[in-house]
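Nothing in this text is a laboratory measurement; each read-out follows from the coordinates by a stated rule. Everything numeric here is computed off the predicted structure, so don't read it as measured data. Cβ placement follows ideal geometry from the backbone for every residue including glycine, while neighbour counts extend to all protein chains displayed.
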Amino acid sequence: MHPANGTRLSMLTLGVASAYYFAGSFGLLFAVPGGYATLFWPSSGIALAGVCLFGPWTLPGVWLGSYLVNIWVPNSPDNAVLFTSGLIPASGAVLQALAGWRGMLQAKRWPAAVLVVALSALINGTIGPFGLWFAGLLPTEHVRLSWLIWWTGDVLGMLVALPLILRGQTHA
């Protein structure tokens, strides 16, 4: 679906960003030490559902929502830390949603869609922890566990939120 005008695109962007942010705030309740990796990240499902329903025009909303929820994770007044802590996961979230959407276009049915979810979650599951480690925001000893938890949280978030949102659309 192509947005017909700038107002509709703005509303779509703000809607996706808000949903991502609020679901992410909930997901942070399940975060492990370090604050970034969480066992349940429903925002990943919201991001993928947004792109599946409305196309890649929702990706700026995914980026904005992810950026805003992730800048609150570090306990640092340093602007460079805040910028980086939001930039890395937000970029990974966009790439993951885009890859998941492309995979879903091919998968069409749930058995293949589960594989698409698991594979696309590798994107932000890898970019997030390794990017934060490279930026000095995640200690080396937390990288492997953060990677596993981040991937798990994104998979669970997509497997729960995506079918609920898409099912709601088929009955609307």
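With no solvent and one equal point scatterer placed on each C-alpha of the chain, evaluate the Debye formula and give log10 I(q)/I(0) for q = 0.14, 0.15, 0.18 Å⁻¹, two decimals.
Ignoring solvent entirely, the Cα scatterers give -0.66, -0.75, -1.06.
Could you give the angle, 0 to 90 degrees to the nearest 10, between helix 59-70's Cα long axis and the longest principal axis of the Cα atoms of the chain?
For helix 59-70, the angle is close to 30 degrees.
Longest segment of the chain with no trypsin sites (Lys or Arg not before Pro) in a DSSP loop having at most 13 other Cβ atoms within 10 Å?
The longest uninterrupted stretch comes out as 1-107.
Relative to the longest principal axis of the C-alpha atoms of the chain, give the angle of the C-alpha long axis of helix 42-54, reported between 0 and 90° and rounded to the nearest 10°.
Tilt of helix 42-54: around 30 degrees.
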